[in-house]
Amino acid sequence: MIEKKIELQIRKIWDRFRSGGLANPLVAIEQITYLLFMRRLEILDSQRKDFALIKNEKYVSVFSENENCRWSFWKNMPANEMLSHVSTIVFPFIKELANSKSSYSKYMKDATFMIQKASLLEESVSILDEINLSSRSQDLQGDIYEYLLSELKVSGKNDQFRTPRHIIRMIIDLVNPVIGETICDPACGTGGFLINSYEHIVKQNTNPELIKYDNDGAPHGIIGDKITKKEHWKLLKEKSFFGFDFDYTMLRIGVMNMMLHGIDEPNIEYADALSKSFDQKKKYNVILANPPFAGSIDKGDINDDLTLPTTKTSLLFVELFYNLLTIGGRAGIIIPDSELNTKSKAHDKLREILVDKCQIEAIITMPSGVFKPYAGVTTAIIIFTKGGKTNKIWFYEMSSDGYTLDDKRDKIDGKGDIPDILQKFSDKETSSKSFVVDITAIKKNKYKLSPTNYKKFTKKQTEIRKSKEIINDMIKIENSIQTDLLELKKLLS
(Lines give C-alpha, C1' and ligand atoms only; values in the text may rest on other atoms or scores of the structure.)
Protein backbone atom coordinates (compact mmCIF):
# COMPACT_ATOMS: atom_id res chain seq x y z
CA MET A 1 0.00 0.00 0.00
CA ILE A 2 2.05 2.90 -1.32
CA GLU A 3 1.70 6.40 0.14
CA LYS A 4 0.18 8.96 -2.22
CA LYS A 5 3.15 11.34 -2.06
CA ILE A 6 5.62 8.54 -2.81
CA GLU A 7 3.33 7.24 -5.56
CA LEU A 8 3.50 10.61 -7.31
CA GLN A 9 7.28 10.69 -6.99
CA ILE A 10 7.66 7.16 -8.36
CA ARG A 11 5.24 7.96 -11.18
CA LYS A 12 7.50 10.88 -12.06
CA ILE A 13 10.54 8.57 -12.20
CA TRP A 14 8.55 6.02 -14.21
CA ASP A 15 7.64 8.71 -16.75
CA ARG A 16 11.31 9.71 -16.98
CA PHE A 17 12.32 6.08 -17.59
CA ARG A 18 9.79 5.69 -20.39
CA SER A 19 10.84 8.90 -22.07
CA GLY A 20 14.48 7.92 -21.50
CA GLY A 21 14.14 4.69 -23.46
CA LEU A 22 13.65 2.22 -20.55
CA ALA A 23 9.97 1.44 -21.04
CA ASN A 24 10.14 -2.23 -19.97
CA PRO A 25 8.53 -2.26 -16.49
CA LEU A 26 10.72 -5.08 -15.17
CA VAL A 27 13.84 -3.19 -16.18
CA ALA A 28 12.46 -0.04 -14.56
CA ILE A 29 11.65 -1.95 -11.35
CA GLU A 30 15.17 -3.37 -11.08
CA GLN A 31 16.95 -0.12 -11.87
CA ILE A 32 14.85 1.89 -9.40
CA THR A 33 15.44 -0.83 -6.80
CA TYR A 34 19.22 -0.55 -7.26
CA LEU A 35 19.05 3.20 -6.70
CA LEU A 36 16.87 2.76 -3.61
CA PHE A 37 19.30 0.18 -2.30
CA MET A 38 22.21 2.59 -2.74
CA ARG A 39 20.37 5.27 -0.81
CA ARG A 40 19.03 3.10 1.99
CA LEU A 41 22.38 1.39 2.48
CA GLU A 42 23.87 4.61 3.83
CA ILE A 43 20.82 5.42 5.97
CA LEU A 44 20.81 1.99 7.62
CA ASP A 45 24.59 2.00 8.00
CA SER A 46 24.24 5.20 10.00
CA GLN A 47 21.43 3.71 12.12
CA ARG A 48 23.47 0.60 12.89
CA LYS A 49 26.38 2.78 13.95
CA ASP A 50 24.07 4.59 16.41
CA PHE A 51 22.73 1.27 17.75
CA ALA A 52 26.28 -0.01 18.24
CA LEU A 53 27.07 3.08 20.30
CA ILE A 54 24.00 2.46 22.48
CA LYS A 55 25.14 -1.12 23.04
CA ASN A 56 28.75 0.01 23.57
CA GLU A 57 29.93 -2.18 20.69
CA LYS A 58 32.51 -1.62 17.98
CA TYR A 59 31.02 -1.01 14.55
CA VAL A 60 32.70 -1.35 11.17
CA SER A 61 30.89 0.57 8.46
CA VAL A 62 30.05 -1.17 5.22
CA PHE A 63 31.65 1.87 3.57
CA SER A 64 34.87 1.68 5.64
CA GLU A 65 37.04 1.20 2.54
CA ASN A 66 34.57 2.65 0.05
CA GLU A 67 33.57 6.09 1.31
CA ASN A 68 33.09 7.22 -2.28
CA CYS A 69 30.18 4.76 -2.60
CA ARG A 70 28.02 6.62 -0.09
CA TRP A 71 24.90 8.18 -1.60
CA SER A 72 25.79 11.49 0.04
CA PHE A 73 29.22 11.42 -1.66
CA TRP A 74 28.00 11.29 -5.23
CA LYS A 75 24.35 12.44 -5.28
CA ASN A 76 25.23 16.05 -6.16
CA MET A 77 27.83 15.30 -8.83
CA PRO A 78 27.32 16.74 -12.31
CA ALA A 79 25.20 14.38 -14.41
CA ASN A 80 27.93 12.89 -16.63
CA GLU A 81 30.34 12.47 -13.73
CA MET A 82 27.58 10.87 -11.65
CA LEU A 83 26.71 8.35 -14.38
CA SER A 84 30.33 7.31 -14.75
CA HIS A 85 30.87 7.07 -10.99
CA VAL A 86 27.72 5.03 -10.31
CA SER A 87 28.12 2.61 -13.19
CA THR A 88 31.85 1.91 -12.70
CA ILE A 89 32.32 2.26 -8.92
CA VAL A 90 29.07 2.22 -6.91
CA PHE A 91 27.18 -0.50 -8.77
CA PRO A 92 30.11 -3.00 -8.74
CA PHE A 93 30.43 -2.23 -5.01
CA ILE A 94 26.83 -3.17 -4.19
CA LYS A 95 27.06 -6.32 -6.33
CA GLU A 96 29.96 -7.59 -4.22
CA LEU A 97 28.63 -6.75 -0.74
CA ALA A 98 28.09 -10.35 0.34
CA ASN A 99 30.39 -13.37 0.09
CA SER A 100 30.54 -15.21 -3.22
CA LYS A 101 28.49 -18.19 -1.98
CA SER A 102 25.53 -16.18 -0.69
CA SER A 103 22.09 -15.92 -2.24
CA TYR A 104 22.69 -12.19 -2.68
CA SER A 105 25.80 -12.78 -4.79
CA LYS A 106 24.04 -15.50 -6.77
CA TYR A 107 21.16 -13.25 -7.85
CA MET A 108 23.24 -10.10 -8.23
CA LYS A 109 25.90 -11.83 -10.33
CA ASP A 110 24.12 -11.12 -13.62
CA ALA A 111 22.67 -7.77 -12.54
CA THR A 112 23.34 -4.94 -14.98
CA PHE A 113 23.13 -1.20 -14.52
CA MET A 114 21.12 -0.17 -17.56
CA ILE A 115 20.67 3.57 -17.07
CA GLN A 116 22.69 5.04 -19.90
CA LYS A 117 21.43 8.63 -19.95
CA ALA A 118 23.13 10.94 -17.47
CA SER A 119 20.07 13.21 -17.28
CA LEU A 120 17.80 10.24 -16.41
CA LEU A 121 20.08 9.17 -13.56
CA GLU A 122 20.41 12.73 -12.27
CA GLU A 123 16.64 13.28 -12.24
CA SER A 124 15.94 9.89 -10.65
CA VAL A 125 18.51 10.46 -7.91
CA SER A 126 17.10 13.93 -7.24
CA ILE A 127 13.53 12.57 -6.87
CA LEU A 128 14.56 9.61 -4.69
CA ASP A 129 16.59 11.94 -2.49
CA GLU A 130 13.37 13.78 -1.63
CA ILE A 131 11.67 10.63 -0.29
CA ASN A 132 11.96 10.25 3.47
CA LEU A 133 13.39 6.75 3.64
CA SER A 134 14.56 7.06 7.24
CA SER A 135 11.06 6.27 8.50
CA ARG A 136 10.42 3.62 5.86
CA SER A 137 11.63 0.47 7.56
CA GLN A 138 9.19 -1.60 5.57
CA ASP A 139 9.20 -3.05 2.11
CA LEU A 140 9.38 0.06 -0.04
CA GLN A 141 10.92 -1.78 -3.00
CA GLY A 142 7.97 -4.16 -2.92
CA ASP A 143 5.54 -1.23 -2.83
CA ILE A 144 7.19 0.15 -5.95
CA TYR A 145 7.24 -3.25 -7.65
CA GLU A 146 3.51 -3.60 -7.00
CA TYR A 147 2.74 -0.06 -8.11
CA LEU A 148 4.63 -0.25 -11.41
CA LEU A 149 2.99 -3.56 -12.32
CA SER A 150 -0.43 -2.17 -11.43
CA GLU A 151 0.22 0.70 -13.81
CA LEU A 152 0.35 -1.85 -16.63
CA LYS A 153 -2.72 -3.70 -15.30
CA VAL A 154 -0.72 -6.87 -14.65
CA SER A 155 -0.43 -6.43 -10.90
CA GLY A 156 1.15 -9.61 -9.68
CA LYS A 157 1.54 -12.94 -11.41
CA ASN A 158 -1.18 -15.53 -10.81
CA ASP A 159 -3.03 -13.01 -8.61
CA GLN A 160 -0.12 -12.84 -6.16
CA PHE A 161 -0.57 -9.56 -4.33
CA ARG A 162 1.72 -8.19 -1.70
CA THR A 163 0.37 -8.33 1.82
CA PRO A 164 -0.15 -5.03 3.70
CA ARG A 165 2.52 -4.57 6.36
CA HIS A 166 0.08 -4.24 9.27
CA ILE A 167 -1.59 -7.54 8.33
CA ILE A 168 1.81 -9.25 8.15
CA ARG A 169 2.74 -7.88 11.58
CA MET A 170 -0.56 -9.09 13.05
CA ILE A 171 -0.06 -12.64 11.73
CA ILE A 172 3.50 -12.73 13.05
CA ASP A 173 2.36 -11.49 16.47
CA LEU A 174 -0.21 -14.32 16.53
CA VAL A 175 2.31 -17.02 15.56
CA ASN A 176 5.11 -15.44 17.65
CA PRO A 177 8.35 -16.88 16.18
CA VAL A 178 11.31 -16.87 18.59
CA ILE A 179 15.06 -16.97 18.29
CA GLY A 180 16.35 -20.46 17.47
CA GLU A 181 13.40 -21.35 15.22
CA THR A 182 13.60 -21.75 11.45
CA ILE A 183 11.08 -19.61 9.59
CA CYS A 184 10.08 -20.18 5.98
CA ASP A 185 7.94 -18.51 3.33
CA PRO A 186 7.68 -20.82 0.27
CA ALA A 187 6.23 -17.97 -1.84
CA CYS A 188 8.35 -15.18 -0.38
CA GLY A 189 8.20 -12.47 -3.07
CA THR A 190 10.08 -9.45 -1.73
CA GLY A 191 10.54 -11.04 1.71
CA GLY A 192 7.91 -9.18 3.72
CA PHE A 193 7.04 -12.04 6.09
CA LEU A 194 10.70 -12.92 6.66
CA ILE A 195 11.83 -9.35 7.28
CA ASN A 196 8.99 -8.65 9.68
CA SER A 197 9.67 -11.93 11.50
CA TYR A 198 13.28 -10.86 12.00
CA GLU A 199 12.12 -7.48 13.32
CA HIS A 200 9.58 -9.21 15.59
CA ILE A 201 12.27 -11.37 17.20
CA VAL A 202 14.68 -8.47 17.60
CA LYS A 203 11.88 -6.33 19.08
CA GLN A 204 11.06 -9.07 21.59
CA ASN A 205 14.69 -8.87 22.68
CA THR A 206 14.92 -5.07 22.90
CA ASN A 207 14.42 -2.89 25.95
CA PRO A 208 10.85 -1.50 25.49
CA GLU A 209 12.06 1.99 26.46
CA LEU A 210 14.17 2.10 23.29
CA ILE A 211 11.34 1.22 20.91
CA LYS A 212 9.33 3.85 19.07
CA TYR A 213 6.53 3.31 16.57
CA ASP A 214 5.80 5.29 13.40
CA ASN A 215 2.34 6.27 12.18
CA ASP A 216 1.94 2.89 10.47
CA GLY A 217 2.73 0.94 13.65
CA ALA A 218 6.19 -0.14 12.45
CA PRO A 219 8.76 -0.40 15.26
CA HIS A 220 11.95 1.66 15.28
CA GLY A 221 14.91 1.57 17.62
CA ILE A 222 14.86 -2.22 17.82
CA ILE A 223 18.48 -3.15 18.57
CA GLY A 224 18.17 -6.52 20.29
CA ASP A 225 20.19 -5.41 23.30
CA LYS A 226 19.01 -8.50 25.21
CA ILE A 227 20.68 -10.81 22.66
CA THR A 228 24.14 -10.88 24.21
CA LYS A 229 25.76 -13.93 22.61
CA LYS A 230 27.40 -13.58 19.19
CA GLU A 231 26.38 -17.11 18.23
CA HIS A 232 22.72 -16.15 18.75
CA TRP A 233 23.10 -13.18 16.41
CA LYS A 234 24.83 -15.41 13.85
CA LEU A 235 22.01 -17.94 14.13
CA LEU A 236 19.40 -15.21 13.69
CA LYS A 237 21.07 -13.46 10.76
CA GLU A 238 22.30 -16.49 8.82
CA LYS A 239 20.36 -19.65 9.69
CA SER A 240 16.83 -18.63 10.66
CA PHE A 241 15.05 -17.31 7.56
CA PHE A 242 14.32 -19.22 4.37
CA GLY A 243 12.34 -18.30 1.28
CA PHE A 244 11.53 -19.56 -2.20
CA ASP A 245 10.18 -17.89 -5.33
CA PHE A 246 10.40 -18.38 -9.09
CA ASP A 247 10.54 -14.72 -10.15
CA TYR A 248 14.13 -13.49 -10.51
CA THR A 249 13.13 -9.84 -10.16
CA MET A 250 11.36 -10.64 -6.90
CA LEU A 251 14.38 -12.62 -5.70
CA ARG A 252 16.79 -9.77 -6.35
CA ILE A 253 14.52 -7.30 -4.60
CA GLY A 254 14.02 -9.79 -1.77
CA VAL A 255 17.69 -10.47 -1.04
CA MET A 256 18.58 -6.77 -1.19
CA ASN A 257 15.67 -5.95 1.06
CA MET A 258 16.62 -8.59 3.63
CA MET A 259 20.23 -7.45 3.72
CA LEU A 260 19.13 -3.86 4.28
CA HIS A 261 17.12 -5.02 7.29
CA GLY A 262 20.06 -6.79 8.92
CA ILE A 263 19.69 -10.36 7.64
CA ASP A 264 23.29 -10.73 6.49
CA GLU A 265 22.91 -14.07 4.71
CA PRO A 266 19.42 -14.33 3.14
CA ASN A 267 18.58 -17.95 2.43
CA ILE A 268 16.44 -17.20 -0.62
CA GLU A 269 16.36 -19.72 -3.42
CA TYR A 270 14.95 -19.82 -6.94
CA ALA A 271 12.38 -22.63 -6.88
CA ASP A 272 8.84 -23.52 -7.81
CA ALA A 273 7.86 -25.00 -4.46
CA LEU A 274 4.99 -27.03 -5.95
CA SER A 275 7.00 -28.75 -8.69
CA LYS A 276 8.73 -32.13 -8.72
CA SER A 277 12.13 -30.45 -8.55
CA PHE A 278 11.44 -29.02 -5.07
CA ASP A 279 12.84 -31.00 -2.15
CA GLN A 280 10.35 -31.16 0.73
CA LYS A 281 12.70 -33.05 3.09
CA LYS A 282 13.83 -29.97 5.03
CA LYS A 283 11.36 -29.02 7.75
CA TYR A 284 10.72 -25.68 9.46
CA ASN A 285 9.40 -24.56 12.83
CA VAL A 286 7.31 -21.74 11.39
CA ILE A 287 5.60 -21.17 8.03
CA LEU A 288 4.32 -17.68 7.20
CA ALA A 289 2.89 -17.07 3.75
CA ASN A 290 0.39 -15.46 1.44
CA PRO A 291 0.59 -17.75 -1.61
CA PRO A 292 -0.85 -16.97 -5.06
CA PHE A 293 -4.65 -17.02 -4.92
CA ALA A 294 -5.25 -18.17 -8.48
CA GLY A 295 -3.59 -20.24 -11.13
CA SER A 296 -2.88 -23.90 -11.63
CA ILE A 297 0.09 -26.15 -12.28
CA ASP A 298 0.52 -28.85 -14.92
CA LYS A 299 -0.60 -32.13 -13.40
CA GLY A 300 2.58 -33.90 -14.52
CA ASP A 301 4.77 -31.34 -12.76
CA ILE A 302 3.13 -31.55 -9.32
CA ASN A 303 5.48 -32.69 -6.55
CA ASP A 304 4.97 -36.36 -5.63
CA ASP A 305 4.59 -35.44 -1.93
CA LEU A 306 1.46 -33.42 -2.73
CA THR A 307 -1.56 -35.72 -2.65
CA LEU A 308 -4.60 -33.49 -3.14
CA PRO A 309 -6.57 -34.35 -6.29
CA THR A 310 -6.24 -30.90 -7.83
CA THR A 311 -3.98 -28.68 -9.92
CA LYS A 312 -5.16 -25.54 -8.12
CA THR A 313 -2.13 -23.80 -6.61
CA SER A 314 -3.96 -22.15 -3.68
CA LEU A 315 -4.89 -25.60 -2.31
CA LEU A 316 -1.58 -27.28 -3.10
CA PHE A 317 0.33 -24.53 -1.29
CA VAL A 318 -1.58 -25.19 1.93
CA GLU A 319 -0.76 -28.91 1.74
CA LEU A 320 2.86 -27.92 1.07
CA PHE A 321 2.88 -25.76 4.21
CA TYR A 322 1.63 -28.73 6.23
CA ASN A 323 4.34 -30.96 4.73
CA LEU A 324 7.14 -28.48 5.44
CA LEU A 325 6.32 -28.02 9.12
CA THR A 326 7.99 -29.97 11.90
CA ILE A 327 5.65 -31.74 14.34
CA GLY A 328 4.63 -28.94 16.69
CA GLY A 329 5.50 -26.36 14.04
CA ARG A 330 3.21 -23.36 13.64
CA ALA A 331 1.77 -21.61 10.60
CA GLY A 332 0.07 -18.33 9.83
CA ILE A 333 -1.24 -18.23 6.27
CA ILE A 334 -3.66 -16.26 4.12
CA ILE A 335 -6.10 -18.07 1.84
CA PRO A 336 -9.10 -17.03 -0.28
CA ASP A 337 -12.20 -17.03 1.93
CA SER A 338 -13.95 -19.30 -0.57
CA GLU A 339 -11.58 -22.16 0.29
CA LEU A 340 -13.22 -22.43 3.74
CA ASN A 341 -16.51 -23.68 2.31
CA THR A 342 -16.06 -24.85 -1.29
CA LYS A 343 -17.23 -28.40 -1.87
CA SER A 344 -14.84 -30.67 -3.82
CA LYS A 345 -12.72 -33.72 -3.09
CA ALA A 346 -9.58 -31.59 -2.85
CA HIS A 347 -11.16 -28.95 -0.62
CA ASP A 348 -12.71 -31.58 1.65
CA LYS A 349 -9.45 -33.52 1.99
CA LEU A 350 -7.44 -30.37 2.76
CA ARG A 351 -9.85 -29.28 5.49
CA GLU A 352 -9.76 -32.79 6.97
CA ILE A 353 -5.95 -32.59 7.12
CA LEU A 354 -6.11 -29.25 8.93
CA VAL A 355 -8.80 -30.38 11.39
CA ASP A 356 -7.75 -33.99 12.05
CA LYS A 357 -3.95 -33.70 11.82
CA CYS A 358 -3.44 -30.17 13.15
CA GLN A 359 -4.67 -27.93 15.91
CA ILE A 360 -6.40 -24.98 14.27
CA GLU A 361 -5.91 -22.11 16.70
CA ALA A 362 -7.86 -19.44 14.83
CA ILE A 363 -9.64 -18.55 11.62
CA ILE A 364 -9.87 -14.80 11.02
CA THR A 365 -11.91 -13.60 8.07
CA MET A 366 -10.93 -10.25 6.54
CA PRO A 367 -13.07 -7.81 4.54
CA SER A 368 -12.72 -7.77 0.77
CA GLY A 369 -11.05 -4.35 0.63
CA VAL A 370 -7.85 -5.36 2.42
CA PHE A 371 -6.03 -6.05 -0.87
CA LYS A 372 -7.45 -3.14 -2.84
CA PRO A 373 -6.80 -1.45 -5.22
CA TYR A 374 -5.08 -4.53 -6.65
CA ALA A 375 -7.67 -7.17 -5.75
CA GLY A 376 -11.13 -7.26 -4.22
CA VAL A 377 -10.94 -10.89 -3.10
CA THR A 378 -12.22 -11.79 0.37
CA THR A 379 -9.56 -13.57 2.40
CA ALA A 380 -9.05 -15.44 5.65
CA ILE A 381 -6.12 -16.08 7.97
CA ILE A 382 -5.59 -19.56 9.40
CA ILE A 383 -3.34 -20.05 12.43
CA PHE A 384 -2.54 -23.72 13.11
CA THR A 385 -0.05 -26.10 14.72
CA LYS A 386 0.97 -29.35 13.03
CA GLY A 387 0.23 -32.45 15.07
CA GLY A 388 -2.57 -33.50 17.40
CA LYS A 389 -6.11 -32.68 16.39
CA THR A 390 -8.49 -29.77 16.61
CA ASN A 391 -10.96 -29.71 19.51
CA LYS A 392 -12.31 -26.18 19.15
CA ILE A 393 -11.81 -23.34 16.68
CA TRP A 394 -11.79 -19.66 17.57
CA PHE A 395 -13.36 -17.53 14.82
CA TYR A 396 -13.01 -13.78 14.44
CA GLU A 397 -14.79 -11.71 11.78
CA MET A 398 -12.66 -8.66 11.11
CA SER A 399 -14.71 -5.73 9.83
CA SER A 400 -11.92 -3.12 9.66
CA ASP A 401 -8.14 -3.18 9.33
CA GLY A 402 -7.82 0.53 10.06
CA TYR A 403 -8.07 1.75 6.45
CA THR A 404 -10.98 2.48 4.15
CA LEU A 405 -11.97 -0.56 2.11
CA ASP A 406 -12.28 1.22 -1.23
CA ASP A 407 -9.59 1.62 -3.88
CA LYS A 408 -8.14 4.66 -2.12
CA ARG A 409 -7.41 2.76 1.13
CA ASP A 410 -7.18 5.99 3.12
CA LYS A 411 -5.96 5.65 6.67
CA ILE A 412 -8.59 5.71 9.44
CA ASP A 413 -6.50 4.76 12.47
CA GLY A 414 -4.18 2.16 10.93
CA LYS A 415 -5.38 -0.46 13.43
CA GLY A 416 -9.08 -1.29 13.11
CA ASP A 417 -9.84 -4.63 14.78
CA ILE A 418 -6.19 -5.70 14.97
CA PRO A 419 -5.55 -4.76 18.64
CA ASP A 420 -8.80 -6.52 19.61
CA ILE A 421 -7.78 -9.66 17.70
CA LEU A 422 -4.36 -9.76 19.36
CA GLN A 423 -5.85 -9.16 22.81
CA LYS A 424 -8.56 -11.84 22.52
CA PHE A 425 -6.49 -14.49 20.73
CA SER A 426 -4.51 -15.91 23.67
CA ASP A 427 -7.59 -16.74 25.77
CA LYS A 428 -9.92 -17.19 22.77
CA GLU A 429 -12.32 -14.62 24.18
CA THR A 430 -15.79 -14.29 22.68
CA SER A 431 -17.50 -11.07 21.64
CA SER A 432 -19.82 -9.69 18.99
CA LYS A 433 -17.09 -10.45 16.43
CA SER A 434 -15.54 -13.60 17.88
CA PHE A 435 -16.79 -16.98 19.00
CA VAL A 436 -15.66 -20.56 19.62
CA VAL A 437 -17.10 -23.61 17.87
CA ASP A 438 -16.68 -27.18 19.09
CA ILE A 439 -15.23 -29.63 16.62
CA THR A 440 -18.34 -31.85 16.76
CA ALA A 441 -20.38 -29.09 15.12
CA ILE A 442 -17.72 -28.65 12.43
CA LYS A 443 -17.59 -32.35 11.63
CA LYS A 444 -21.38 -32.50 11.47
CA ASN A 445 -21.19 -29.69 8.93
CA LYS A 446 -18.78 -31.70 6.75
CA TYR A 447 -15.65 -29.82 7.88
CA LYS A 448 -16.78 -26.47 6.51
CA LEU A 449 -14.69 -23.74 8.12
CA SER A 450 -16.45 -20.49 7.26
CA PRO A 451 -17.74 -18.68 10.39
CA THR A 452 -21.04 -17.95 8.65
CA ASN A 453 -21.93 -21.62 9.10
CA TYR A 454 -21.71 -21.44 12.87
CA LYS A 455 -23.12 -18.10 13.98
CA LYS A 456 -26.41 -19.81 14.79
CA PHE A 457 -24.62 -21.97 17.37
CA THR A 458 -23.24 -18.96 19.23
CA LYS A 459 -25.96 -16.32 19.23
CA LYS A 460 -27.96 -16.05 22.44
CA GLN A 461 -31.69 -16.57 22.15
CA THR A 462 -33.40 -13.20 22.10
CA GLU A 463 -36.43 -12.92 24.40
CA ILE A 464 -39.57 -12.07 22.44
CA ARG A 465 -42.09 -10.23 24.64
CA LYS A 466 -45.82 -10.04 24.08
CA SER A 467 -47.23 -6.76 22.79
CA LYS A 468 -49.58 -6.43 25.81
CA GLU A 469 -46.62 -6.58 28.22
CA ILE A 470 -44.74 -3.88 26.28
CA ILE A 471 -47.82 -1.59 26.28
CA ASN A 472 -48.32 -2.05 30.03
CA ASP A 473 -44.68 -1.14 30.68
CA MET A 474 -45.02 1.97 28.51
CA ILE A 475 -48.13 3.04 30.51
CA LYS A 476 -46.18 2.61 33.76
CA ILE A 477 -43.33 4.74 32.42
CA GLU A 478 -45.77 7.41 31.23
CA ASN A 479 -47.53 7.51 34.64
CA SER A 480 -44.17 7.84 36.37
CA ILE A 481 -43.26 10.78 34.13
CA GLN A 482 -46.62 12.47 34.86
CA THR A 483 -46.10 12.04 38.63
CA ASP A 484 -42.61 13.56 38.42
CA LEU A 485 -43.92 16.53 36.42
CA LEU A 486 -46.65 17.22 39.04
CA GLU A 487 -44.04 17.16 41.82
CA LEU A 488 -41.84 19.57 39.84
CA LYS A 489 -44.84 21.91 39.27
CA LYS A 490 -45.52 22.01 43.04
CA LEU A 491 -41.90 22.88 43.77
CA LEU A 492 -41.90 25.71 41.24
CA SER A 493 -45.18 27.21 42.53
**Q.** Over 18 Å between alpha carbons, listed pairs K283/K389; K58/K234; K203/K372; K299/K343
**A.** K283/K389; K203/K372; K299/K343
Q) Applying the Karplus parametrisation 6.51 cos²θ - 1.76 cosθ + 1.60 with θ = phi - 60° to the phi angles of the stretch 264-280, what ³J(HN,Hα) value in whole Hz is obtained for each residue in order, glycine and proline being reported as x? A) 5, 10, x, 8, 10, 10, 6, 6, 8, 5, 9, 8, 4, 6, 8, 8, 8
(Q) Explain nothing, just compute: Karplus ³J(HN,Hα) = 6.51 cos²θ - 1.76 cosθ + 1.60, θ = phi - 60°, for every residue of the stretch 246-253 in order, whole Hz, x for Gly and Pro. (A) 10, 10, 4, 4, 4, 4, 4, 4
(Q) Given a Förster distance of 56 Å, report the FRET efficiency between S338 and Q116 from their Cβ-Cβ distance, rounded to the nearest 0.05. (A) 0.75
Q) With a Cα-only, solvent-free Debye model of the stretch 197-355, what are the log10 I(q)/I(0) values at q = 0.09, 0.10 Å⁻¹? A) -0.38, -0.47
Q.
If amide hydrogens are placed 1.01 Å from N in the peptide plane, which non-local residues have theirs closer than 5 Å to the one on F241?
A. I183, N267
Q) What is the Cα centroid distance between the stretch 319-374 and the stretch 25-95, reported in whole angstrom? A) 41 Å
Q. In nm, to one decimal, how far is the modelled label at N66 from the one at I412, with both set 7 Å along Cα→Cβ?
A. 4.6 nm
Q. Non-local amide H neighbours of G416 (under 5 Å, H modeled in plane, Pro and chain starts lacking H): which ones?
A. G402
Q | Carbon plus sulfur fraction of accessible area for the chain, probe 1.4 Å, in percent | A | 50 percent
Q: Could you tell me the accessible area of T483 in Å² (1.4 Å probe, neighbours in place), rounded to the nearest ten?
A: 80 Å²
**Q.** Spatially proximal aspartates and glutamates relative to K443 (Cα-Cα < 18 Å; intrachain offsets below 8 disregarded)
**A.** E339, D348, E352, D356, E361
Q: Show that you can apply the helix-only estimate: for the chain, add -39,500 (n - 2.57) for every DSSP H stretch of four or more residues, divide by all residues, and state [θ] at 222 nm to the nearest 500.
A: -13000 deg cm²/dmol
**Q.** Accessible heavy-atom area order of W233, W71, highest first, probe of 1.4 Å
**A.** W233, W71
(Q) Sequence gap at least 6, Cα distance under 8 Å: using those rules, report the relative contact order of the chain to the nearest whole percent. (A) 11 percent
(Q) Quick check on the stretch 242-355: of the DSSP beta bridges with both residues there, what percent are antiparallel, nearest 5%? (A) 20 percent
Q | Point-to-point label distance, D298-E130, nm (Cα→Cβ direction, 7 Å offset) | A | 4.9 nm
Q: With a Förster radius of 25 Å, plug the Cβ-Cβ distance of A23 and Y270 into 1/(1 + (r/R0)^6) and report the FRET value to the nearest 0.05.
A: 0.45
**Q.** Cβ-defined net charge surrounding T404, 12 Å radius [Lys, Arg +1; Asp, Glu -1]
**A.** -1
Q) Whole-Hz Karplus ³J(HN,Hα) for the stretch 397-407, in order, using 6.51 cos²θ - 1.76 cosθ + 1.60 and θ = phi - 60°, x for Gly and Pro? A) 9, 6, 10, 8, 10, x, 9, 4, 9, 9, 5
(Q) For the chain, give me the percentage of DSSP beta bridges that are antiparallel, rounded to the nearest 5 percent. (A) 60 percent
Q: At 1.4 Å probe size, with every protein chain present, just tell me what the per residue accessible area of the stretch 306-384 comes to in Å².
A: 30 Å²
Q: Could you please report the charge total around M82, scoring K, R as +1 and D, E as -1 over all other residues with beta-carbon less than 9 angstrom from its beta-carbon?
A: -1
(Q) Report the Cα-based extents of the stretch 310-411 along its three principal axes, largest first, to the nearest Å. (A) 42, 28, 22
Q. Could you give the distance between the Cα centres of the stretch 164-220 and the stretch 250-291, to the whole Å?
A. 16 Å
**Q.** Of K230/K282; K239/K392; K357/K424; K345/K424; K5/K408, pairs whose Cα-Cα distance is over 23 Å
**A.** K230/K282; K239/K392; K357/K424; K345/K424
Q | Length gained when the stretch Q280-K229 is fully extended (0.36 nm per residue, less Cα-Cα span) | A | 15.2 nm
Q. Taking the Cβ of I179 as the center, what net charge do the other residues with Cβ under 12 Å away carry, scoring Lys and Arg +1 and Asp and Glu -1?
A. +4
Q) Which percent of Cα-Cα pairs in the chain sits in each 20 Å bin, short to long? A) 21, 50, 20, 7, 2
Q | Computed label-point distance, nm, for sites I481 and A79 using a 7 Å Cα→Cβ extension | A | 7.9 nm
**Q.** the stretch 150-281, relative contact order in percent, only Cα pairs under 8 angstrom and at least six apart counted
**A.** 25 percent
**Q.** the stretch 260-356, relative contact order [Cα under 8 Å, separation at least 6], %
**A.** 31 percent
Q. Non-local amide H neighbours of D214 (under 5 Å, H modeled in plane, Pro and chain starts lacking H): which ones?
A. H220
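The values are calculated or read from the model by the stated rules, or taken from the named source; none is laboratory data. Here the structure is a predicted model, which is why all the values come from computation and not from measurement. With ideal geometry, Cβ positions are generated from the backbone for all residues, glycine too; neighbour counts draw on all protein chains shown. With ligands, DNA and RNA removed, areas are computed over all heavy atoms of the protein, side chains included. Shrake-Rupley method; radii C 1.70, N 1.55, O 1.52, S 1.80 Å.
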